[in-house]
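Values in this text are rule-based calculations from the coordinates and carry no lab data. Because the structure is a prediction, the values reported are computed rather than measured. Cβ placement follows ideal geometry from the backbone for every residue including glycine, while neighbour counts extend to all protein chains displayed.
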Amino acid sequence: MKNRKSTKLLALGLVFALGLGMSTAFAALSVTPATTKVTVDGQAVEVEAYNIDNGNNYFKLRDFASNLDFGLSWDAATDTAAIDTTAHYKPDPTQLITGNWAPTTRARIQAVIDENANSGRYVVFDFDNTSVIFDVQEALLVYQIENLIFKIDPKEMTEVLETGIPDLNKEMGKSIDGKTITPATLAADISSDYAWLYENYEGFGAGGKFDLDYIHATNQYQDFAAKVRFMYNNLGDFFDHAVSYPWVTYLFTGMTPDEVQELATASHKYWASYGRYAEETWTSPIELPGESGIVSASFITGLTFTDELKDLYATLRANGIDVYIISASPIDTILAANEAMGYGVPEENVFAMRNKLGEDGRYINEYNYDWGGEGKYAQTQGPGKSTIITNFIAPKYDGVGPLMVFGDSAGDWNMMTDWMDEGDTVLGVIFNRYRKPSSDPIWEGSNQAAQTIGDPDARFVLQGRNENTGELRPSEKSIMLGSTEEVLVRPAA
């Protein structure tokens, strides 16, 4: 439909206008089927209409909800209908909305749900680029930098930045002006910038007199922003994921869990309403090269917490299938998204990166491998996701693995496949990011999914998305950011 929102509002006005006087006792009136014709965007649609001899025509709200795709619910206890123009029409809570699902992908997921409803099974979701389009923690890092929300003592910043990096002098490329970049040089420059910002920005409460607009124009802020983002972007390319994944969590040092969740909630809401999906670049100023020189770092703007995924979570629960999240983002970032964006997963069913708390209840720069039992809490990335299932989830289900796993990249491949040969996991749902066969093992599942589209017993299915609009697509094919071309699976090398 064209202009879905305005069409909905017009239709609702029509429904209410034609529905005046519904409290009249129908028993005393003559009711006959009406021949009223209704069109939506010029197309005829079928609705039940009745002509009442008091001069009114009446339509079923459910017919309008179905044809215009808006949410409608009924509370028998209060005799009240509730309309939600921001939601999709859902006649049966146990069935997925059509939305922008690829039809064969939706059908396969629904079939697995129907076959296993109320049978004591569970599913596991990744979060970033699966339950949401793009990455909540990467977006949060930009929000945190732009708003300078840090609780790290300037004297401790270098130590925090260097946490867990095994070789501080390892070369991480050359700067734009030809300098050798290492973790040590980046930490030195960022710490110097942060000390200046801490003294001068009024928001830190250390005697600074300048507001955020003024600070954003300074060389120190621009150097700080570009180099923090550069360090985050590049640690994963030069070190193991066990080094790079927890690193960003250390930037919450000095904060309480509540403070991090408040920060994350603000970030999620900001980026969800940003309305623009694009790659942007920060470049450090030539006036302040520091030890690392001039660097550039890029990131993607915008997040979409899609209706289809939130509905999927709800549909699984309506079918008696338990839902778990295992994410490589920090725990408070995911808890904030889960609560603020309406996914509705119990907090005890969410597993993500966790740092230790100090005696004052504030985070310190150390990963908490001992949460839930000595040495049991692995990093929630790659093989660690399967370890989390083995140690914390499967024991609740007599050791049985997940029924379905939803993911998008290498970090989800282990948990998607580790229980397949045993027959526990019957379906892997892959959100299509057009991954490379040389660097991402989930390409194998994507390739198999592409060859079995429409197979009622497919082990893997693909779901496309349009990264330029932040939406799922009714296709297995995706459109990547900055492109107009539909893509399915990269050719094998």
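So which of 269/356; 269/396; 170/385 end up more than 31 Å apart by C-alpha? If you can, show how the numbers build up before the last one.
Working: 269/356 27 Å; 269/396 34 Å; 170/385 29 Å.
Exceeds cut-off: 269/396.
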Give me 247, 196 sorted ascending by neighbouring Cβ count inside 10 Å, so fewest comes first. 196, 247
Would you mind computing Rg(Cα) / (2.2 N^0.38 Å) for the range 367-437, counting N as its residues? 1.17
Zone residues, the range 140-168, relative to residue 202, backbone N less than 17 Å from point 7 Å out along Cα-to-Cβ: 147-149
Provide, in order from the shortest bin, the percent of all Cα-Cα pairs of the range 136-300 in each 10 Å bin, continuing until the bin that contains the maximum pair distance. 10, 40, 39, 11, 0
Hey, fewest Cβ within 10 Å first, where do 415, 480, 353 land in order? 480, 353, 415
Give, as a single signed number, the net charge of other residues whose beta carbon lies under 12 Å from the beta carbon of residue 256, with Lys and Arg counted +1 and Asp and Glu -1. -3
So how far apart, in nm, are the two label points at residue 46 and residue 421 if each is 7 Å from Cα heading toward Cβ? 5.1
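Over the range 373-493, what per residue volume does the convex hull of the Cα atoms give, in whole Å³?
Working: hull volume 15.5 nm³, N = 121.
In the range 373-493, the Cα hull volume divided by residue count equals 128 Å³.
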Where the Cα atoms of the range 165-260 are projected onto their three principal axes, how long is each span, largest first, in whole Å? 39, 38, 17
Would you mind getting the Kirkwood hydrodynamic radius of the range 111-189 from its Cα pairs, rounded to one decimal in Å? 17.0
How are the C-alpha pair distances of the chain spread across 20 Å bins, as whole percents from the shortest bin up? 20, 48, 26, 6, 0
Calculated from DSSP H runs of 4 or more alone, at -39500 (n - 2.57) each and per residue, what is the 222 nm mean residue ellipticity of the chain, nearest 500? -10000 deg cm²/dmol
Within the range 310-439, what percent of beta bridges assigned by DSSP are antiparallel, to the nearest 5? 20
Return 418, 408 ranked ascending by Cβ neighbour count within 10 Å, so the fewest neighbours appear first. 418, 408
Indicate, rounded to the nearest 5 percent, the antiparallel portion of the DSSP beta bridges found entirely in the chain. 55
Taking Cα centroids, how far is the range 415-493 from the range 196-240 in Å? 38
Can you classify the range 281-351 as rounded, prolate or oblate using the Cα gyration tensor, where a ≥ b ≥ c are the square roots of its eigenvalues, rounded means a/c under 1.5, and otherwise it's prolate if a/b beats b/c and oblate if not? prolate
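Below 10 angstrom from the Cβ of residue 225, what's the summed charge of the other residues (Lys, Arg +1; Asp, Glu -1)?
Charge balance near residue 225 sits at -1.
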Report the GluC sites (Glu not before Pro) located in the range 348-399 that are in a DSSP loop and have at most 16 other Cβ atoms inside 10 Å of their Cβ, or state none. 359, 374
Sorting 371, 387, 407 by the position of each Cα along the dipole of the range 330-407 (Lys, Arg +1; Asp, Glu -1; all at Cβ), the one nearest the positive end of that ordering is 407
